[in-house]
Amino acid sequence: MLKEKQIRDELKQVLVPGVKRSITDMNLIREVAITEKTINISLATTGLNESAQNLIQTKSRDIIEKLPGSNGLQITFINARAEELNKIGHIIAVMSGKGGVGKSLVSGLTAIALKRQGYEVGIMDADITGPSIPKMFGIVERPNFTDNVLLPVLTSSGIEIMSINLLLPDEEEAIIWRGPLIGNTIKQFGNDVLWGKLDYLIIDLPPGTADAPLTVMQSFPISGVIIVFTPQDLVEMIVKKAVNMARKMNKPILGLVENMSYLYVPEIDKKIEIFGKSRAEEMAKFAGAPLMAQIPLDIELVKLCDHGEIERYNSEIVDRLGDSIIRIAPTIFKKESR
C-alpha cells in the first residue's frame, strides 16, 4: 500500500500557478488519507482561483493514479487562511538606525547566501516608502491575488519576494501614507501572503526606530536581528540606536554588517577606506555580537543591482555571510526558544 510520505513527495511535481513552488512546499496539502479503495487528499484553496484549482487537480490525478498500487484519487478543496498555512522556521530582521546604509542590499545578499546553502528563503520588503528589493532582483511581474490572499513572486533562483512596489501600477509612484496605514500594510504582508514552508524569512526593515520598524518587531516572531552600518563619523550613534531598540524589544542580535567598508584597487593591491577608518570591531564589541561581514564598494555588485541581477553576484563575502548565519543562528535561536 502507498504511504503518505510517498504521496506528498510525488505531489512536489505539482506546481502552484504563479508561484512555481509545489503544493507541498506551499503547505497546501492539509490531509492525506489512504484506504484500500482510494486515496483522499484535502487541499487548501488559499490563493488559488478556480482555474488554478482545476489545473492542480488534473496534474495531481495524473501523477498519483499512475503509481503502482494506486486505486484512484479523490481531492477535496477546503478553505484556510494564509497565516494558518505559513510555516516559517526563522524570521531575520535587517535594520539600521538610519537610511542609506544598505539594508536592502544586505537583505538581498543574506537571502542569496542562505538559498545557496540549500534553504528555502523569502524576503519581505517592509520598507514601504522606499522599496528597492524588486529592482535588485529584476522582478516586474505582479503577484497573483485571489480572495484577499497574495502569492509572492519567485526570483530566478527561487527566493520568494513580496514588496509594495509589486502592487503599484507604476514602480515610481510615491507612497504618501501616514504611519497607521503603513503599519497595516506590513501586517498584511505577514497575514495575507501565502509564504508556505520557508526555512528563513528575511524582513528588510524601514530605516530608523519609529512606527514601521516597531510594527515589525511587535507583530512578527523575530528570531534575530542583523544590524547594518557604514564607516562614518555617525556610526556610533547609528549602531547604538539600532542595538538599543533590539534590546528593548528583546530581540537577539545575530551580528553586524559593515557596508561600503572599503574600495579595493587591484592595480595597486590596496584597500582604500573612502568613508573613513572602520570601527566595525568596536561596534561589534559594543553590541555584544559578531561582525558577520564587511562589504566593500564593488562596481560589479552595483552594476548587477542596477540591472536586476544581484543573484549573479559571486564573492566570498556572500559565502562568509551565509556561513556566519548558519554558524551563529543555532546558538541564538536555541536561547530564544527557551
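The values are calculated or read from the model by the stated rules, or taken from the named source; none is laboratory data. On a predicted model such as this, the values are computed, not experimentally measured, just so you know. Here Cβ is always computed from backbone atoms with ideal geometry, including for glycine, and neighbour counts include all displayed protein chains.
Some observations on this one:
- Flag if residue 129 is assigned by TED's automatic domain parsing to the domain that holds residue 242 and modelled with pLDDT under 95: yes
- Comparison of 281, 267, 300 shows that the only residue that is at pLDDT 90 or above and either out of contact with any strand residue (DSSP E or B) (no Cβ under 9 Å at 6 or more places or on another chain) or crowded, with 17+ Cβ neighbours inside 10 Å (or both) is 300.
- Members of region 101-154 that are among the charged types (D, E, K, R), touching an Asp or Glu at 6+ places or on another chain (Cβ under 8 Å) and either buried (at least 20 other Cβ atoms within 10 Å of the Cβ) or part of a loop (DSSP other than H, G, I, E, B) (or both): 103, 120, 125, 127
- Among the residues of region 296-303, at least one is more than 24 Å from residue 157 (Cβ to Cβ) and either not in a helix (DSSP H, G or I) or not charged (D, E, K, R) (or both).
- Scope region 17-31; condition modelled with pLDDT of 95 or more and among the hydrophobic types (A, V, I, L, M, F, W, C); matching residues: 23, 26, 28, 29
- Of the residues making up region 31-69, those that are assigned to a loop (DSSP other than H, G, I, E, B) and buried (at least 18 other Cβ atoms within 10 Å of the Cβ) are 45, 46, 47, 48.
- Single residue of 34, 92, 88, 78 found to be hydrophobic (A, V, I, L, M, F, W, C) and over 28 Å from the mean Cα position of the chain (by Cα): 34
This table checks each residue for (1) within 30 Å of residue 227 (Cα to Cα); (2) of a type in the set (Ser, Thr, Tyr); (3) in contact (Cβ under 8 Å) with a residue 60 or more places away in the chain; (4) not assigned by TED's automatic domain parsing to the domain that holds residue 246.
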residue: 41; (1), (2), (3), (4): no, no, no, yes
residue: 46; (1), (2), (3), (4): no, yes, yes, yes
residue: 50; (1), (2), (3), (4): no, no, no, yes
residue: 65; (1), (2), (3), (4): no, no, no, yes
residue: 68; (1), (2), (3), (4): no, no, no, yes
residue: 74; (1), (2), (3), (4): no, no, no, yes
residue: 92; (1), (2), (3), (4): yes, no, yes, no
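- The criterion of at least 1 residues that are over 16 Å from the mean Cα position of the chain (by Cα), farther than 19 Å from residue 328 by Cα and aliphatic (A, V, I, L, M) is met, among helices (runs of 4 or more DSSP H) falling completely within region 177-288, by 179-191, 211-219, 235-248.
- Among the residues of region 123-149, those identified as in contact (Cβ under 8 Å) with a residue 60 or more places away in the chain and among the hydrophobic types (A, V, I, L, M, F, W, C) are 123, 124, 126, 128, 133, 136, 137, 139, 149.
- Checking each residue in region 273-303 for being closer than 21 Å to residue 318 by Cα and free of Cβ contacts under 8 Å to residues at least 12 places away in the same chain picks out 281, 299, 302, 303.
- Candidates 327, 320 - the one that is in a helix (DSSP H, G or I), out of contact with any Leu (no Cβ under 8 Å at 6 or more places or on another chain) and either free of Cβ contacts under 8 Å to residues at least 24 places away in the same chain or among the β-branched types (Val, Ile, Thr) (or both): 327
- Within region 56-78, the residues that satisfy the criterion of being aliphatic (A, V, I, L, M) and either modelled with pLDDT under 95 or in contact with a strand residue (DSSP E or B) (Cβ under 6 Å, 6 or more places away or on another chain) (or both) are 63, 64, 67, 73, 75, 78.
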